[in-house]
Structure formats: C-alpha cells, structure tokens
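No value in this document is a laboratory result; all are computed from the given coordinates. Note that this is a predicted model, so its numbers are computed, not measured. Note that each Cβ is placed from the backbone with ideal geometry, even for glycine, and that neighbours are counted across all protein chains shown.
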C-alpha cells in the first residue's frame with residue numbers, strides 16, 4: 001500500500017489551501033482516527049468543478065488519496081463524482097487499499113460529494 | 001520466570017502466519033488469545049453436557065448447572081470475593097458497569113448528586129454516567145490526569161469529593177497508558193465522604209493479582225475475553241449488602257422466585273441479576289481461563305510483564321521523534337501497555353505497516369478520547385503485551401518502528 005506514489009502525494013500534497021469565496025465547502029472528519037479533510041470548490045456555469053483546494057490532517061492514506069483525487073476533479077459533474085468510489089482512488093494512487101483502510105482512502109471523496117450536496 | 005515457550009504451545013493461534021510472517025500479537029489490551037484448555041472446556045460442554053441450567057430434573061441439566069456454577073466459584077476464588085452471591089455474570093465489563101448505572105445508581109441517585117470519574121477512563125466508565133446526567137440530572141465530574149507524569153492527579157481528590165459525591169469511578173489499570181491507579185486511596189477517601197467506589201478492572205484482572213478484600217471497593221467490573229476466556233462473558237462483583245437492596249434491571253426467567261398475575265418476587269443472589277438463559281458455555285470457558293491463569297500464577301504473569309516493560313520502555317524512550325505516553329519509565333505502577341505517537345506518521349499508517357509484517361497492534365483513540373485530549377493527541381498507536389509475548393517479539397516490534405520510519409523517510 002505504501003508505494004512511492006502514495007508517499008509522494010503524502011509528502012507533497014497537491015492543491016492544498018483555501019478558495020475564498022468558494023461556491024461549495026465541506027469539512028469531513030473521521031471520528032475514529034481524528035482525520036479531517038476540508039474541501040473548497042468553485043463550480044462553472046453548468047455546475048461542473050472548476051477549481052478545488054483542500055486542507056486536512058491525518059494519515060498518509062487519507063491525505064494522499066485526497067491529493068491524488070484533487071488532480072482528477074476539474075471538469076467533473078456532481079453525477080460523475082457521486083459515481084466515484086475507492087477503485088478510482090486506487091487507480092490514481094496506483095496501489096491497492098487494504099479493506100481496513102477504505103474509510104481513510106475515501107474520506108476526501110466523501111467530503112467532495114457532501115460539499116456538492118450542500 | 002514464566003516458561004513462555006511452553007505457554008505459547010498452548011495457544012494454537014500463536015503459530016499462525018500473517019502476510020507470510022509469524023504472527024506477533026500485541027493487541028492484548030483489546031482482547032487476548034485463547035489457550036487449548038479454554039477451547040476444550042467449551043467444546044466438552046457442548047459435546048457432552050449441553051442443557052439449560054437451573055431447570056431440568058435430569059442428568060444433563062444438573063451437569064450443566066454444576067459446570068456453570070462451578071465457573072462462578074472459580075471466579076469468586078480468583079478475585080477473593082466473600083461469596084458466589086457477589087459474582088454476577090454479564091456480557092462484559094461494559095455491561096457490568098451499565099448494570100450498576102441502570103440498577104444501583106438509578107435507584108439511589110437523585111438530581112444534584114455527584115458521580116466522580118476520571119479523565120483516564122475508558123469510554124465505558126464515562127458514557128453510562130453521562131447518560132444518567134441526561135436522564136436524572138446527576139452531576140458528573142472528572143478527576144484530572146497529569147499528561148507528562150501519566151498518572152491521575154490524586155492530590156486533587158479531596159477537593160473533588162464533596163458530601164454530594166455518591167459514587168467514585170476509577171480504572172484499576174488504564175487501557176491507554178498502562179498506569180495502575182491507587183485504588184485503595186480512592187476507596188479510603190471516597191468512603192470517608194460516604195461515596196461508593198466502582199472499579200473498572202478490565203485491564204487489571206488479566207495481568208495482576210486482584211483481591212477484593214484488599215481493594216475494599218464496592219463494585220468491580222471485568223471482561224472474560226481479555227483474560228484468555230471467550231467473548232460474551234464478563235463479571236460484576238459487588239458487595240452482597242448492596243446487591244441485596246438493589247432491584248433487578250432485567251426481568252424474565254431465572255431471576256424470579258414466584259410469579260403470579262399480581263406480581264413477582266425475586267430469586268436469590270446472584271441469579272436475581274441474571275434474567276434469561278445465561279451464557280453458559282461462555283462462563284465455562286471463563287472458568288477454564290481462570291484455572292489456566294491460577295496454574296500459571298498471577299504474580300508470575302505480572303512479573304513477566306514487568307520484565308517486558310523494563311526491556312521495552314528505555315528502548316522506546318530512546319527513539320527520536322517518538323513520544324510514549326503514560327508514566328515515562330518502567331515502574332511497578334505501569335503495566336506492559338505502550339501507547340505512542342511518531343511525529344510525521346499517523347497511528348493508522350503505523351498499524352498498516354506493522355500488519356504487513358504480521359504484527360497486530362491497535363491504532364486510533366482506544367475508547368479513551370478524554371485522555372487523548374489531555375495528552376493533546378488526536379490518536380495513538382498502542383502495543384499491549386501478555387503472558388505469551390516474548391522479548392524476541394518486543395524486538396520484532398522495535399525493529400518494525402525503524403522500518404516504518406524508513407518507509408516514511410523520517
């Protein structure tokens with residue numbers, strides 16, 4: 001699981017920071033481990049993701065997953081994002097996620113999905 | 001000294017491999033592994049003696065009753081309780097504490113009465129009391145813990161105890177820090193203001209000699225599965241005098257003396273608190289676990305874990321960027337539980353990397369969020385040793401920390 005790509009995203013997270021003002025914003029904690037990811041989204045005229053920034057703290061799996069995901073989001077619609085799951089994250093991270101860590105890996109995705117619902 | 005190699009042979013699971021590596025099981029704070037003697041006792045019951053207890057006028061039922069009540073007697077002797085009437089079988093320690101909350105506390109505490117717990121408690125010795133705050137308007141106070149020293153601030157105990165204090169709750173040994181709390185001091189001071197004392201003994205009974213007469217508490221709760229027994233069986237010990245005047249919480253079969261349409265009268269202790277068919281096979285498994293631990297000797301178990309602590313503690317303290325919580329040295333007030341934090345590595349990542357090497361540890365909040373808050377930590381990694389763990393396994397664990405640090409480039 002701890003392949004170089006995952007560790008690279010963990011040590012050098014992409015698209016971190018805030019968007020102020022943001023069209024959509026959500027803070028998603030994982031109470032089991034204290035991890036937290038906060039996402040800021042700007043949407044284009046048809047509601048697709050135009051820009052994303054995020055901030056967070058926690059384990060390498062949750063933070064690297066969000067970082068890798070953040071590079072895939074621009075241009076995606078709410079429906080496309082809702083259809084995404086852990087397999088998409090495994091693809092962009094180029095590694096498989098242990099079953100015990102699925103919640104870590106999808107924390108950022110859940111944050112984005114919930115942001116778009118708000 | 002324990003013959004650890006001989007002991008290990010009696011625990012079948014310890015010879016298995018995980019991810020191609022020999023299993024190193026260091027999550028004994030969560031649950032212990034089981035010796036053959038426990039499995040055989042349960043298997044033998046199910047194969048040869050299975051029947052319901054306290055009912056049948058036939059051989060099997062008499063045997064089942066004798067085995068079930070025999071297990072209770074073993075537990076009574078193990079913790080040196082005055083009589084079997086003081087041993088109530090529950091599902092686990094959590095249920096035992098809840099039984100006190102839902103029974104004795106609900107019947108004796110009124111709005112404004114105070115329950116004193118501590119910041120070091122497991123959630124199971126906090127949440128039942130918070131529920132009574134909501135339901136009954138009792139006042140819940142927390143005795144502070146000292147982060148750096150890893151102990152409760154016992155000097156503040158006098159200030160926290162008032163004439164309104166009706167119950168003091170304290171863990172015998174912390175599941176997060178391994179700290180052994182001075183229970184007898186709590187008992188002495190609590191009794192001086194007329195308060196009862198409830199001890200969460202989940203981490204103590206499996207690891208050190210525990211004697212109800214020496215402790216002098218009023219309620220003592222523990223789980224079978226952390227002391228080599230099966231899951232689903234735990235114990236509430238309480239003083240007979242208190243149990244006699246406490247109404248049962250669950251109604252049903254076995255807990256009654258007589259039922260008419262007008263009402264019911266209660267069975268004798270301890271059955272008054274054991275409504276319905278109990279966990280017979282679980283109790284028998286726990287009885288076998290108690291036999292096993294008695295044979296090994298609890299003082300020997302404790303000395304073995306003290307030895308592990310003396311070996312591990314200085315090595316952990318010497319690792320750069322690693323913080324180990326609790327009493328910051330090997331000490332008779334410290335069990336072989338080591339919770340730690342490595343700067344730059346989340347506990348879940350540590351646990352995953354360890355798992356790849358066959359090492360089972362716990363990561364997260366360990367059901368001790370208030371204590372983690374005192375420590376200023378969102379989570380921790382925890383290793384917890386038992387009688388079958390060896391110094392060689394401690395080395396595997398210590399080397400794995402170095403490997404994990406390399407993976408993360410720190």
> When A:69, B:286 are ordered from fewest to most other Cβ atoms inside 10 Å of their Cβ, what list results?
Replying inline: A:69, B:286
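Based only on other Cβ atoms within 10 Å, what is the fewest-to-most ordering of B:207, A:11? Let's see the in-between values first.
Details: B:207 30, A:11 15.
Going from sparsest to densest Cβ surroundings: A:11, B:207.
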> At 222 nm, what helix-only mean residue ellipticity would chain A give, in deg cm²/dmol to the nearest 500, using -39500 (n - 2.57) for each DSSP H run of four or more?
Replying inline: -10500 deg cm²/dmol
>> Inside 10 Å of the C-beta atoms of B:346-359, what's the mean count of C-beta atoms belonging to other chains?
In response: 5
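Rounded to the nearest whole Å³, what is the per residue volume of the convex hull around the Cα atoms of region B:246-343?
Numbers: hull volume 17.7 nm³, N = 98.
Here the figure is 181 Å³ per residue.
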> Most fluctuating residue of B:365, B:304, B:54 in a GNM of chain B with Cα springs under 10 Å: which is it?
Replying inline: B:54
> Å³ per residue of the Cα convex hull, for region A:4-117?
Replying inline: 87
> Between region B:48-68 and region B:1-45, what's the alpha-carbon centroid distance in Å?
Replying inline: 30
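May I ask you to order B:221-234, B:127-140, B:75-88 by the average number of other C-beta atoms within 10 Å around their residues, highest value first?
Per-residue Cβ counts within 10 Å, averaged per peptide and sorted highest first, yield B:221-234, B:75-88, B:127-140.
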> So what's the gap between the Cα centers of region B:267-281 and region B:160-219, to the nearest angstrom?
Replying inline: 26
>> Roughly how far apart, in whole Å, are the Cα centres of region B:330-347 and region B:98-134?
In response: 29
>> Can you tell me the mean projection area, over all orientations, of the convex hull of the protein assembly as shown's alpha carbons? Units nm², please.
In response: 28.7
> Along the principal axes of its C-alpha atoms, what lengths does region B:14-106 span, in descending order and rounded to whole Å?
Replying inline: 52, 40, 23
>> At a threshold of 8 angstrom on Cα-Cα distance, excluding pairs fewer than six apart, so keeping six or more, what relative contact order does region B:297-407 reach in percent?
In response: 28
>> Over 17 Å apart: what share of the alpha carbon pairs of region B:153-231 falls there, rounded to a whole percent?
In response: 46
>> For the protein assembly as shown, give me the percentage of DSSP beta bridges that are antiparallel, rounded to the nearest 5 percent.
In response: 70
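Could you grab the relative contact order for chain B? Cα pairs under 8 Å, six or more apart, rounded to a whole percent.
It comes to 23 percent, rounded to a whole number.
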> Taking only C-alpha pairs under 8 Å that are 6+ residues apart, what is the relative contact order of region A:4-117 in percent?
Replying inline: 31
> Rounded to a whole number of µm²/s, how large is the Stokes-Einstein D of chain B at 37 °C and 0.692 mPa s, given Rh as the Kirkwood radius over C-alpha pairs?
Replying inline: 148
> Rounded to the nearest 0.05, what FRET efficiency is calculated for residue B:155 and residue A:48 with R0 set to 60 Å and r the Cβ-Cβ distance?
Replying inline: 0.45
